[in-house]
Structure formats: structure tokens, C-alpha cells
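What follows is a single structure, written as C-alpha cells, with notes after it.
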Ligand code: PMM
């Protein structure tokens with residue numbers, strides 16, 4: 001499976017690296033660290049220096065159980081950060097479920113809309129994204145953070161996630177989004193237990209068969225902490241699962257992911273280069289046997 005490009009995004013012939021800037025007090029793994037705008041901007045620029053191709057700016061935590069923030073607060077958090085990073089020449093994406101935030105963010109310079117709800121949280125979102133023309137990440141999602149764990153029920157997670165993503169694609173196409181704008185994401189950790197996440201990662205080849213570039217967000221998620229648990233079963237803390245994230249990055253890139261969304265950019269940027277060199281050395285028959 002070759003890595004396909006996305007209009008308006010860097011075209012580097014390898015899996016892209018999206019660095020995360022959570023402008024939130026309570027995010028999953030780095031809550032509070034980049035909450036003030038200056039710190040967030042500095043962090044975004046540092047991520048680019050480390051090798052990020054895209055910087056993903058979000059103002060609403062999606063950690064399990066998190067309450068929603070108001071529209072005004074989300075705008076206040078992300079817009080100044082997006083504006084300055086854009087002025088500095090950074091390719092910025094906005095991580096939001098709200099159409100209004102997406103619209104203002106694109107006006108401020110964001111070049112991709114990353115919607116973890118895939119257009120389900122705000123029904124106006126696909127129409128707004130269609131009007132902007134920027135790429136649109138449609139992630140697999142079954143409900144808001146406060147109750148997403150109770151929805152992690154699957155008989156065959158790969159088939160069901162593929163089917164639900166296909167329906168979302170049809171739905172956003174009907175709202176005017178074009179095929180070329182759509183990037184898909186299986187939504188690791190969102191209404192998924194560890195075994196679901198592993199099955200989806202192992203199914204990247206099949207998910208690629210949906211016909212859209214794929215983004216994978218495994219960085220620092222709970223399933224990695226669980227995998228690396230102590231002998232007594234205590235999960236590894238988020239900030240000590242970065243090496244496991246790196247392993248996922250290398251394997252996801254090798255399996256044909258278009259982009260990985262990560263917190264610690266430098267080593268992941270190295271990993272995607274390793275995967276690209278490996279794939280290139282495998283030559284034109286690299287797809288065979290996948
Ligand atoms: N995960 C989080 C937030 N945004 N966006 C996409 N496209 N994919 C993801 O997996 C994803 C996301 C939650 O992680 P964080 O709170 O650690 O940033």
C-alpha cells in the first residue's frame with residue numbers, strides 16, 4: 001500500500017508526523033502543560049524543530065469522562081495559537097468537533113480540520129468544512145467522552161469500524177465534502193478497549209482499503225500503558241509509554257498510514273524515516289503479501 005497524498009498537505013513520500021498541542025488544562029496525557037497561549041505557541045514551534053510536518057492545535061480535552069468546554073472558551077484557547085503558528089509558516093490543523101471553531105480556525109490559517117466525532121457531534125461541520133475546501137479528518141466515534149467507554153462493544157471491531165466509517169464518508173460526501181478532502185482515522189481509544197485498538201492497528205491494511213489516507217493516533221494512550229504494566233498490573237504512566245508509541249509509529253508507517261499523531265515528535269520523525277527507507281528498499285513489490 002503506497003502512502004497517498006492529501007491536497008494542501010506536505011507531500012514527502014513518507015508517513016507524515018502530526019505533533020500535538022493541547023491548549024487545555026486537562027488533556028489525556030499532557031493536560032495543563034501548554035494551557036497558556038505563549039507556552040502553546042513555543043511548544044508548537046519546538047515540535048516543528050523536532051520534525052513535525054503538521055501541528056494539531058486543540059482546545060477541548062477528549063480524555064474519557066471529560067466535560068465539554070464552551071464554544072467561547074474553545075475559541076479563546078485555540079485561535080491565537082493557530083494565528084501565530086500560521087504566521088510562523090507552520091502547517092496547522094485544528095482539533096475540534098465544532099463547526100464554528102473549524103470555520104474561525106481556518107480563517108486564522110488552519111489548513112486541516114481534525115474532527116474526532118467525524119461530523120457526528122455538530123451536524124453543521126461537514127457543510128462548513130466543504131465550504132473551506134481544507135482536508136477533513138473523519139474519525140470513528142460513538143459518543144462524547146463522558147460515556148464513550150460504555151459504547152466499546154463490538155462483535156468484530158474491524159468490520160464494524162470500517163462499516164461505520166464508510167457510512168460517515170457517505171454522509172459527509174452528501175454534505176458537499178469531496179473525496180479528496182477526506183482522511184480517515186479508526187479513533188484508537190475512543191469507545192475502544194485495548195483489544196479493539198490492537199485489532200484496528202493490525203487491520204491498517206484493510207482500513208486503507210476504504211480508499212482514503214489514514215491517520216493513526218496511538219500516542220500515550222491507555223492501551224499502551226496497560227501493555228507495559230508492572231508485574232502487579234499497575235499500568236505504565238503516559239509519559240513513560242513514548243517508546244511504545246514509537247514502535248506503533250514504525251509499524252503503522254510501514255503498514256501504509258498517511259500520518260501519525262504524536263506528542264513526542266523527534267523520535268517519531270526518525271521512525272517514519274526508518275519505515276520509509278525500509279519500504280523503499282523493498283521496492284515495487286512491497287505491497288505484495290500485505
Ligand atoms: N486522539 C486524541 C485527540 N485527538 N485526533 C485524531 N485524529 N486521532 C486521535 O486518535 C486523537 C485525536 C486524544 O489524545 P490526546 O488527548 O492525548 O491528545
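Figures for the structure shown
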quantity	calculated
Count of residues meeting criterion [under 19 Å from the mean Cα position of the chain (by Cα) and closer than 19 Å to residue 57 by Cβ] in region 119-135	6
Qualifying positions in region 184-203 - in a helix (DSSP H, G or I) and crowded, with 21+ Cβ neighbours inside 10 Å	196, 197, 200
In region 170-188, the residues that are within 15 Å of the ligand (Cβ to nearest atom) and more than 17 Å from residue 259 (Cβ to Cβ)	172
Enumeration of residues in region 131-140 that are assigned to a helix (DSSP H, G or I) and either within 16 Å of the ligand (Cβ to nearest atom) or crowded, with 17+ Cβ neighbours inside 10 Å (or both)	132
Residue check for residue 55: under 15 Å from the mean Cα position of the chain (by Cα), within 16 Å of residue 262 (Cβ to Cβ), at pLDDT 95 or above and within 14 Å of the ligand (Cβ to nearest atom)	yes
Selection count where residues are part of a loop (DSSP other than H, G, I, E, B) and either away from the ligand (no atom under 16 Å from the Cβ) or at positive phi (or both), scope region 94-130	6
Failed condition for residue 60, given (1) modelled with pLDDT of 80 or more; (2) within 10 Å of the ligand (Cβ to nearest atom); (3) touching a strand residue (DSSP E or B) at 6+ places or on another chain (Cβ under 7 Å)	(3)
Extreme residue, surrounded by the most Cβ atoms within 10 Å (Cβ to Cβ), among residues of region 248-274 that are in a loop (DSSP other than H, G, I, E, B) and within 16 Å of the chain's Cα centre (by Cα)	257
Any hit, region 173-183, residues being within 26 Å of residue 9 (Cα to Cα), in a loop (DSSP other than H, G, I, E, B) and in contact with a strand residue (DSSP E or B) (Cβ under 8 Å, 6 or more places away or on another chain)	yes
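The values are calculated or read from the model by the stated rules, or taken from the named source; none is laboratory data. Because the structure is predicted, anything quoted here is derived from the model rather than measured. Every residue, glycine among them, receives a Cβ derived from its backbone with ideal geometry; neighbour counts consider all protein chains shown.
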